[in-house]
Amino acid sequence: MSAVTLETLKAHLNVTIDDDDALIADKLAAAKAWVAAYTASDIDADGTPAPINEAILQLSAQLYENREATLVGVTAQCLPFGFLDLLTNYRAFAF
């Protein structure tokens, strides 16, 4: 599977306008950097496993939809449900 692109993420978010493209691209870059560090892999390469791409989409969406560290009146979570489960088989351990 190919790497996650801005267009792929916008489809995932159901965003059809271009007004937030720069913001969405920043969230995508942050998510890719986080997943790349966690898995010690080149997540922009073709052939990236589908679970890694799904994790990038989920984390990007979380960052885009929850832009503040503190939310009032809602139940907050650190990472999307199942996010780390998607990366379990790809995690790079360093000691």
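Throughout, read-outs are computed from the coordinates displayed, never taken from laboratory work. Please read these numbers as outputs of a predicted model, since none were measured by experiment. No Cβ is skipped: glycine too gets one built from the backbone with ideal geometry, and neighbour counts run over all protein chains shown.
Could you check how many residues of the stretch 26-49 are in a helix (DSSP H, G or I) and in contact (Cβ under 8 Å) with a residue 40 or more places away in the chain? Result for the stretch 26-49: 3.
Find the residue count for the stretch 19-28, including only residues that are touching a helix residue (DSSP H, G or I) at 6+ places or on another chain (Cβ under 9 Å) and surrounded by fewer than 20 Cβ atoms within 10 Å (Cβ to Cβ).
First, pick out the residues of the stretch 19-28 that are touching a helix residue (DSSP H, G or I) at 6+ places or on another chain (Cβ under 9 Å): 20-21, 23-28.
Next, from what is left, pick out any that are surrounded by fewer than 20 Cβ atoms within 10 Å (Cβ to Cβ): 20-21, 23, 25-26.
Qualifying residue count for the region: 5.
Remark: pairs (first residue in the stretch 1-25, more than 14 Å from TYR64 (Cβ to Cβ); second residue of a type in the set (Ser, Thr, Tyr) and not in a helix (DSSP H, G or I); Cβ separation under 9 Å; 6+ apart in sequence or on different chains) = MET1/THR48; SER2/THR48; ALA3/THR48.
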